[in-house]
Structures are given as structure tokens and as C-alpha cells.
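Colleague: One structure, as C-alpha cells, below. Some questions next.
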Amino acid sequence: MDYNYEYFKKSADYILSKIDFKPEVAMILGSALGSLAEEIENPVVIPYEDIPNFLQSTVDSHAGELILGTLSGKKVVCMSGRFHYYEGYDFEQLVIPIRVFKLLGVQTTILTNAAGAVNLDYEAGDVMIIRDHIKIMGASPLRGKNIEEFGQRFFDVGDMYTERLRDVAKKCAANTELKVHEGVYFFWMGPQFESPSEIKAIRILGGDAAGMSTVTESLTAAHCGMDLLALSLMTNMAAGVLDQPITPHEVGVIANQSAGKLRGYLKDILVNL
Ligand code: HPA
């Protein structure tokens with residue numbers, strides 16, 4: 001498949017034909033936060049399957065809709081349900097949503113995810129503002145022919161999690177009951193959770209949380225020069241920290257318990273962007 005500029009433009013043109021405004025903020029909501037999309041005012045809902053050249057969700061807990069409208073006074077485009085490498089997509093395909101959002105005119109992207117807490121000072125239910133990431137598993141999503149319209153072949157990633165937005169998230173942390181940290185997200189390809197020894201290695205390497213998403217989207221956003229904020233909800237202590245297995249059920253329970261507070265926190269951040 002040739003993922004050229006026209007490929008992404010076809011998706012964007014379809015979406016633009018359904019709305020009469022330009023979204024300024026894109027949000028990709030992980031398992032923990034899909035419900036935030038229900039609060040979007042005057043929503044235009046577009047099933048992924050209707051969008052030409054878009055991808056389809058295969059994970060049950062993720063809805064497959066794009067929702068466009070107003071949230072906290074901002075024009076937003078929101079993905080309720082994201083795409084992951086472990087679903088079988090190639091890294092090159094995982095650039096699609098962010099590139100399409102760029103072509104809608106989006107300048108700021110907010111990503112959320114569920115992650116396992118590697119840092120022993122964290123607890124399940126805490127939030128981590130991603131300051132940086134480690135991705136040493138798998139190819140770059142920017143591999144392949146570069147599309148100059150989006151960005152340069154080689155690009156800096158030293159400040160890709162925009163400092164100004166992290167500062168906003170840190171200030172808003174004072175208004176939530178959630179405990180908010182700042183740390184390093186370790187990208188794990190999955191779908192199996194890490195082994196206890198892998199988590200020990202991740203800790204030694206400098207990871208504070210481990211998860212199976214987000215970094216592909218972050219890198220795509222950095223390549224095309226978007227401002228970026230990414231938040232992880234600790235749905236569990238990572239493997240080997242507690243003497244119990246990690247189950248999708250446990251991840252879902254914490255995600256649901258924290259969803260309300262996390263929604264409030266995110267809306268506060270949106271207001272203060
Ligand atoms: N590891 C990787 N991904 C995750 C985890 C975890 O422990 N919890 C939720 N997503």
C-alpha cells in the first residue's frame with residue numbers, strides 16, 4: 001500500500017464534508033476514557049468504517065467512532081477507540097489517524113491510555129503525565145518514504161511532549177483528587193503483558209509505566225509539528241510488583257473507577273489549554 005499524501009487527504013476530505021467547523025484539538029481516548037466522548041456537545045458522529053482509508057478497531061472495549069463537536073469550549077475531534085500494533089496493524093498504518101487530524105487543521109493532540117505502573121512510588125488509579133518515552137521495540141511509524149508535507153525526514157523528539165501543555169496538566173493536578181505524576185512511558189508491543197523480569201529491566205532502563213499504545217501516535221504528531229499532551233492512567237501495578245496475575249478485568253475495573261475523575265481532569269486541562 002502506498003500511504004502517500006493523497007491517501008490521508010481522502011479521509012480528511014470526507015470528514016470535512018460532514019462538519020462546518022475546524023477542530024483545534026484532537027483527542028485519542030484509551031480504554032479508560034472513552035466515555036468522555038459522550039460529553040461532546042452538538043456531536044457529529046462518524047463510524048470509522050464510513051471513512052475512506054481509515055482503520056477499523058478490533059478491540060471490544062474500544063468503540064469505533066470519530067466524534068466531532070465542542071468540549072470545554074474547544075472544537076474537538078475525538079477518537080473513541082484507537083488502533084494498536086498488537087491488533088495486527090503495521091507501524092506504518094498507525095500514523096493514519098494523526099495525519100488525518102493534521103489535515104483537518106488540528107494543532108494540539110491529547111492522548112490517553114491505560115498503563116501498568118513500573119515505578120514503585122505509583123499506585124493503581126494514579127495518573128502519569130508523559131514527559132518522555134522509551135520505544136526500543138519495533139519499527140518507527142515514520143519508516144518508509146517521507147511525506148514532506150507532513151514533516152522532515154529526520155526530526156528531533158527531545159521536546160515532543162510539549163512542555164507548555166505538561167505545565168498546564170501539572171497546574172490542573174491541584175484541582176483533582178487524582179494523584180498525578182510525571183514520568184517516562186515504556187512502549188510495549190503486546191498483546192501479552194510484560195513478564196516480571198521484563199518489568200525489572202524496564203525499571204532499570206528508566207521506565208515509570210508500561211503500555212501498548214500512544215507512542216506511535218506521539219511520534220506521528222511530533223513529525224508533523226503538533227503540540228502534544230499524553231496521560232497514562234495506572235490501571236494496575238506492573239508484573240511482579242504484587243503477588244498476583246494482571247487481568248484485563250482488573251485493568252477494566254480501575255479504568256471504570258477512575259473514569260469520572262479523569263474526565264473532570266481532562267476537561268479542566270482543555271479549558272486551560
Ligand atoms: N502493561 C502493559 N500495558 C498495560 C498494562 C500493563 O501492565 N496495564 C494496562 N495496559
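Colleague: Select from region 190-216 the residues that are aliphatic (A, V, I, L, M) and more than 10 Å from the ligand (Cβ to nearest atom) and list them in ascending order.
Modeller: Residues satisfying the conditions are ALA201, ILE204, LEU205, VAL215.
Here's the yes/no breakdown for (1) within 27 Å of GLU92 (Cα to Cα); (2) out of contact with any strand residue (DSSP E or B) (no Cβ under 9 Å at 6 or more places or on another chain):
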| residue | (1), (2) |
| --- | --- |
| TYR122 | no, no |
| PHE154 | yes, yes |
| ASP167 | no, yes |
| MET212 | yes, no |
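Colleague: Next up: Can you report the number of residues in region 250-264 which are touching a Gly at 6+ places or on another chain (Cβ under 9 Å) and either more than 13 Å from the ligand (Cβ to nearest atom) or not in a helix (DSSP H, G or I) (or both)?
Modeller: 3
Colleague: Taking the stated definitions as given, is GLU182 closer than 24 Å to ASP268 by Cα, more than 9 Å from the ligand (Cβ to nearest atom), open to solvent by 30 Å² or more (accessible area, probe 1.4 Å) and outside any loop (DSSP other than H, G, I, E, B)?
Modeller: The answer is yes for GLU182.
Colleague: Whether any residue in region 18-32 is of a type in the set (S, T, N, Q) and modelled with pLDDT under 95 is what I want to check.
Modeller: Looking for residues that are of a type in the set (S, T, N, Q) and modelled with pLDDT under 95, one finds at least one in region 18-32, hence yes.
Colleague: Provide a single number: the residues in region 216-247 that are touching a residue at least 12 places away in the same chain (Cβ under 8 Å) and surrounded by fewer than 17 Cβ atoms within 10 Å (Cβ to Cβ).
Modeller: So the count comes out to 2.
Colleague: Restricting attention to region 66-85, and to residues there that are closer than 16 Å to SER213 by Cα and touching a Phe, Trp or Tyr at 6+ places or on another chain (Cβ under 9 Å), which single residue is farthest from the ligand (Cβ to nearest atom)?
Modeller: It comes out as MET79.
Colleague: Of a type in the set (Lys, Arg) and either open to solvent by less than 70 Å² (accessible area, probe 1.4 Å) or in a loop (DSSP other than H, G, I, E, B) (or both): which single residue out of ARG131, ARG166 fits that description?
Modeller: Going through ARG131, ARG166 in turn, just one is of a type in the set (Lys, Arg) and either open to solvent by less than 70 Å² (accessible area, probe 1.4 Å) or in a loop (DSSP other than H, G, I, E, B) (or both): ARG166.
Colleague: Identify, from the list LEU273, LEU242, LEU219, the residue that is part of a loop (DSSP other than H, G, I, E, B), over 23 Å from ALA173 (Cβ atoms) and either of a type in the set (Asp, Glu) or more than 9 Å from the ligand (Cβ to nearest atom) (or both).
Modeller: Step by step, each of LEU273, LEU242, LEU219 is checked, and only LEU242 is part of a loop (DSSP other than H, G, I, E, B), over 23 Å from ALA173 (Cβ atoms) and either of a type in the set (Asp, Glu) or more than 9 Å from the ligand (Cβ to nearest atom) (or both).
The values are calculated or read from the model by the stated rules, or taken from the named source; none is laboratory data. Keep in mind that this is a model prediction, so the values were computed, not measured. Counting neighbours? That spans all protein chains shown, and the Cβs are built from the backbone with ideal geometry, glycine included. Just so you know, the surface numbers come from the protein's heavy atoms only, side chains and all, with ligands and any DNA or RNA stripped out. Shrake-Rupley method; radii C 1.70, N 1.55, O 1.52, S 1.80 Å.
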